[in-house]
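Right, one structure below, let's go through it.
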Amino acid sequence: MNRYHPASDPDFMPKNMLQNVQWGKFEAILRHTYDNVPWYQLRMKEKGLQPSDIRSLDDIHKLPFVSKSDLRDTYPYGMFAVPLNEIVRFHASSGTTGKPVVVSYTKDDLDVWGEVIVRALACYGVHEGDILQNAYGYGLFTGGLGLHFAEQLGVTVVPISGGNTERQVMIMQDFGVTAVSCTPSYFLHIMDKAEEMGIAIKELPIRVGIFGAEPWTVPMRKNIEAGTGIRAYDIYGLTEIIGPGVGAECHCQNGLHIFEDHFYPEIVDKDTLEPLPDGRYGELVFTTLSKRAMPMIRFRTRDITKIFTEKCPCGRTIRRIERISHRSDDMFIIRGVNVFPGQIESALLAVEGTLPHYRIILTREHDLDNVEVQVELRAEQFDDTIRSLETFQRAIQKQIENTVGIRVKATLVQQGTIPRSEGKSQRVIDRREL
Ligand code: DLL
C-alpha cells in the first residue's frame, strides 16, 4: 500500500533538491526516449540535436514540441519507448474526430500514477477510512481507473463510474460516502437529483468533492459548496501525461500544485511558442520525468494558465498553476471579441437566482454571428410575472455585456431542459457554417 507519509512527501522538498531530482530524471528520460522512439530521434536530428547537447533544464526549450496530432499520426504504438510485453495497461482519449490517442503504462508507470493520486488526496485532506464514490467513467478514459488508486491510501472506493444518477444519490446516502469524484457538471446533476429525491446532501457525511476533467469557475465552486456544504477541490490531468493527478489544489484552494518531480511544467507563448517566465499567461507544456512506456517531451496541452510566483501558504514547495479557465482551442470570436465559455459562466452565475445549467448556442445570420445563452430557471420562478422574468433576462444580458463585452440573447428555459452530462459537458454548440 502506498501509505502517505508527510515527512517524505516530495511536495515539500527544498527547491534546489527538487531541481536536482528533476534534472537527474530528465537526463535519463531524454536518453531513453531518443534511443527508443524513432519519431523523436528524427525530430531531434532535424534540429541538429543530440541528448548530450542538453546540459541543464534551461536547455529544454531547444527541444521540439509534441502535440496531439503527432500522437494521432503515430497511432497506435508509434510513441512507445518499451516493448509491448512491458506494457500492462492502455488508456485512450476520445477524439471528437477520427482515431483516439492511445497511451500506455508499464507497471512502474502505474506506481507513479498511484503515488500522485495519493499525494493529490493528501492535498484534499482525504485519508484512510474515507469512503470515495468514484463517479468518473471507468474504461479507456483515465478518470475512473485514475482516481481508483485512492485504494492505495487505504480509502474505500465505490467504483460506481458515471451514470444512473438516482442510484448515485442512493449509494451516497446509504454507504455513508465521505468524498466524491466526478466532473463538476455531473456533480451539479447529482445535486439536482438529490433535491428531486428529497435528500439533503448537506446532511450527509460527505466532506470533499474532487472535480476536474473540464473547466469550471470559482462561482461554480461557490455554488456547489453553498448547496452541499462540501469542499469542492480541483484536480487536473490529461491522458497524454498520465491522466488525473498531474496537479491538485491544496486546502488553500488557490491554484493547483503540479507534481513537478514527475511532470515538468513550462509556459510558452501560444503563438510564438517562446518560453515565458513564471507569472505570465500562456500555453502549458509538460515533460514527463518518470514515465517509461510513453514518455512525453514538451507536450503542448493547449491549456492556458500561468505558474504562480508566490509561495503557497500550505508550505508545499512544488509550483502551482492557476486553475485552467480555458483551452486555446475553445475560444470563439464574436464580432471581433475573443470569448471563452468560462467568462460567460462567471457572468451568468453573478446574477442572483440563476441555476448553473446553461449552454451557449452560436449561429450566423447574414454574415453576423449571434450568441444565445440558454439558462435554466427553477419551476417556481416560471410562475412569476412576465415582467419579473423580463427583468431577470435583462439582468443576465447586461451582466454578460458588461463583463465579457458582447451582446447576447438570454433565453430562460425550464429546469431540466438542458441536456445533462455524465462526463465532460458540452457547453458550446456552434451552428455557424464554416
Ligand atoms: O480529463 C483526465 C482527468 C480525469 C482529469 C479526471 C481530471 C479528472 P483528457 O480526457 O485527456 O484527460 O482531457 C484533458 O481536460 O487538457 C484540459 O483541457 C481538461 N481538464 C482536465 N482537468 C481539468 C481541470 C482528463 N481541472 C483535458 N480544469 C485537459 C480545467 C481540465 N480543465
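The values are calculated or read from the model by the stated rules, or taken from the named source; none is laboratory data. Given the structure is predicted, the values throughout are model-derived calculations rather than measurements. Cβ sites come from the backbone with ideal geometry, for glycine too, and all protein chains shown count toward neighbours. These area figures cover heavy atoms from the full protein model, side chains too; ligands, DNA and RNA do not enter into them. Shrake-Rupley method; radii C 1.70, N 1.55, O 1.52, S 1.80 Å.
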Study note, to complete from the structure: Honestly the stretch 1-155 on the Cα gyration tensor test (a ≥ b ≥ c root eigenvalues; a/c under 1.5 rounded, otherwise a/b vs b/c for prolate or oblate) is just oblate
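Counting only DSSP beta bridges with both residues in the stretch 92-187, tell me the antiparallel percent, nearest 5.
25
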Review point. What is the distance, in nm, between label points placed 7 Å from the Cα along the Cα-to-Cβ direction at Asn36 and at Thr272?
Key: 3.7
Exercise for review: Before rounding to the nearest 500, sum -39500 (n - 2.57) across all DSSP H runs of length at least 4 in the chain and divide by the residue total; then give [θ] at 222 nm in deg cm²/dmol.
Suggested key: -9000 deg cm²/dmol
Check your understanding: So which residue, out of Ala200, Ala120, Ala232, gets the largest mean-square fluctuation from a GNM of the chain using Cα contacts under 10 Å as springs?
Key -> Ala200
Exercise for review: Would you mind telling me which residue in Ile396, Ile206, Ile333 has the biggest mean-square fluctuation in a Gaussian network model of the chain, where springs connect alpha carbons within a distance under 10 angstrom?
Suggested key: Ile333
Check your understanding: How about Lys291: which lysines have a C-alpha closer than 30 Å to its C-alpha, ignoring those fewer than 8 places off in the same chain?
Key -> Lys15, Lys25, Lys45, Lys47, Lys62, Lys68, Lys99, Lys107, Lys270, Lys306, Lys311, Lys424
Revision key, fill the gap. Residue-normalised value, i.e. accessible area per residue, for the chain at 1.4 Å probe, in Å², stands at 44
Review point. Expressed as a whole number of Å, what is the distance separating the alpha-carbon centroids of the stretch 72-125 and the stretch 1-52?
Key: 17
Practice item. Using only the Cα atoms of the stretch 18-81, build the gyration tensor, take square roots of its eigenvalues as a ≥ b ≥ c, and label the shape rounded, prolate or oblate: rounded if a/c is under 1.5, else prolate if a/b is larger than b/c, else oblate. Key: prolate
**Study point:** Spin-label pair Asp430/Arg89, simplified geometry with 7 Å Cα→Cβ offset, distance in nm
**Key:** 3.3
Revision key, fill the gap. Rounded to the nearest 5, the percent of antiparallel DSSP beta bridges in the stretch 319-434 equals 55
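Express the carbon and sulfur contribution to the solvent-accessible surface of the chain as a percent, rounded to the nearest whole number, probe 1.4 angstrom.
Carbon-and-sulfur percentage of accessible area, whole number: 50.
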Practice item. Report, for the chain, the % of DSSP beta bridges that are antiparallel, rounded to 5. Key: 60
Check your understanding: Who wins for biggest fluctuation among Glu376, Glu345, Glu196 in a Gaussian network model of the chain, springs between alpha carbons below 10 Å?
Key -> Glu196
Check your understanding: Looking at the stretch 89-195, which chymotrypsin sites (Phe, Trp or Tyr not before Pro) are in a loop (DSSP not H, G, I, E or B) and have at most 15 other Cβ atoms within 10 Å?
Key -> Phe175
Review point. Which ³J(HN,Hα) values, rounded to whole Hz and listed in residue order, are derived for the stretch 334-350 from phi using the Karplus coefficients 6.51, -1.76 and 1.60 in 6.51 cos²θ - 1.76 cosθ + 1.60 with θ = phi - 60°, glycine and proline given as x?
Key: 10, 6, x, 9, 7, 10, 10, x, x, 5, 5, 4, 4, 4, 4, 6, 6
